[in-house]
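Remarks on the structure that follows.
The values are calculated or read from the model by the stated rules, or taken from the named source; none is laboratory data. Since the model is a prediction, treat every value here as computed from it, not as a measurement. Reconstructed Cβ throughout: ideal geometry from the backbone, glycine too, with neighbour counts over all protein chains shown. Heavy atoms of the whole protein, side chains included, go into the accessibility calculation; ligands, DNA and RNA do not. Shrake-Rupley method; radii C 1.70, N 1.55, O 1.52, S 1.80 Å.
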Amino acid sequence: MRGRHVVEISSTYKRGASKDHVNAYDKQESSVRYTGHPSWRRPFPHVVVATLASFLFGYHLGVVNETLESISLDLAFSGSTLAEGLVVSTCLGGAFLGSLFSGWIADGVGRRRALQLCALPMIIGASMSATTQNLWGMLLGRLFVGTGMGLGPAVAALYVSEVSPAYVRGTFGSFTQISSCLGLLGSLFMGLQAKGIVGWWRACFWVSIIPAALLALLMEFSAESPHWLFKSGRTAEAEAEFEKLLGGADVKYAYAELSKSDKGDDSGVVKLSELLHGRHFKVVFIGSTLFALQQLSGINAVFYFSSSVFKSFGVPSDRANICIGVANFLGSIVAMILMDKLGRRVLLLGSFSGMVVSIGLQVFGASSFPSSTEAFYLSAGGMLLFVLTFSLGAGPVPSLLLSEIFPSQIRAKAMAFCMSVHWVINFFVGLLFLPLLEQIGAQILYTIFGAFCLISVIFVKRNVVETKGKSLQEIEMALLPLE
């Protein structure tokens, strides 16, 4: 990962009012050529520690997948679809609350402390779920875990983008998606024994305390975000953290860039209303829409329905879930390799386009070859291809891209707002999926998902700017409209 790195600014962002501003910035920076770049090894361990939050997110998302039947039997709510649904959805409600306040927490106590804080409700909630003797204790535990799930990934995305050198920020940003996949796979493998060993589901919750405790402990020794420190007026500490993350030779340039981008910021206090209109509206709108389209593509519905599709052809649900998890993981690995080579925009376009094709295969298989071998290959193959193409771009890119395009003044709170939109859409897709499936059928419903994927391709092509290889300061100065 070494070589010559030349700072450049692209004026591909289509915004008439700022075109002259971008050109002026290009001229201003033409004399500053930064050759070489800091080692990726210095920030690497800090990034790995932060992605434990994403691992926990994936683990708790999947921990009830294979264990729900055993939980319902032990806690005496077996056969109640409402109770089973609450065990799953209560976690989503907690995640919404956690993500809603994540920006204010991250700006208030810093990225490092916020990541430590997210581990606390996960430890408490997992302990409550593991020891409860009734449904209410399980629901309260899931609510606690959900708040940590909402807070952790949002702050982790911020932290990783702010401590990573520009030339590997895409690769490091993909670690959060890979960690989520590993967490999901880990929960699926842990749950395989749930039906065979009485009370095994309790062990599945106890195990999650280990990575949560490691996150809280290891973040104590990790660097704080220099961006947050500088924004908070702690400039000497910001320089010290830059040295820890980049090395002494690169501190002056990084600090100069950071100082330049924050010129003219009159206040660190950002109101919610400022995100919904004015100079920041367009980037917040792009971010919110990307997350909304990610969920409206039907990815979580496909995850939910995959077991039923495989089961209808005689494939056990546990094998089906593992196949889906492996496809998700492999796609995330490929995305990590390509993120800083092809760029975010290309991966998003290819990902959503591939999802359109894969949904077409599923619809064609269900309509042309009912209950046949051909139907299975098209439906199951289309489903695996859908998950694979999702994990190539639509999965990992939005959170990374948003942490890059938001100006430092609003970055944490704008991320919180967009993540809240993500959880609201996620909740309603999960709530309406089964009723719509019964009323209009799988073919029409999946066609609607395909249409949203097609809309996503058009939206990305018209609105998303490429950010690969640029520092956060370069992106901010190029995209922020003149006041």
### Selection count where residues are farther than 15 Å from VAL64 by Cβ, of a type outside the set (A, V, I, L, M) and touching a helix residue (DSSP H, G or I) at 6+ places or on another chain (Cβ under 7 Å), scope the stretch 128-158
5
### Task
Go through the stretch 392-404 and give me each residue that's more than 12 Å from the chain's Cα centre (by Cα) and either among the small types (Gly, Ala, Ser) or open to solvent by 10 Å² or more (accessible area, probe 1.4 Å) (or both).
LEU392
### Message
Within the stretch 373-391, take every residue that is of a type in the set (S, T, N, Q) and modelled with pLDDT under 85 and give me the one that is least open to solvent (accessible area, probe 1.4 Å).
### Response
SER379
### Task
Just give me the residues in the stretch 207-220 being open to solvent by 60 Å² or more (accessible area, probe 1.4 Å) and either touching a residue at least 40 places away in the same chain (Cβ under 8 Å) or β-branched (Val, Ile, Thr) (or both), in sequence order.
ILE210, LEU214, LEU218, GLU220
### Message
Please count how many residues of the stretch 431-444 are open to solvent by less than 60 Å² (accessible area, probe 1.4 Å) and touching a residue at least 60 places away in the same chain (Cβ under 8 Å).
### Response
3
### Query
Could you say whether any residue in the stretch 453-475 is on the phi > 0 side of the Ramachandran plot and assigned by the TED database to the domain that holds GLN294?
yes
### Query
In the stretch 273-313, which residue that is part of a loop (DSSP other than H, G, I, E, B) and open to solvent by 30 Å² or more (accessible area, probe 1.4 Å) is modelled with the highest pLDDT?
HIS277
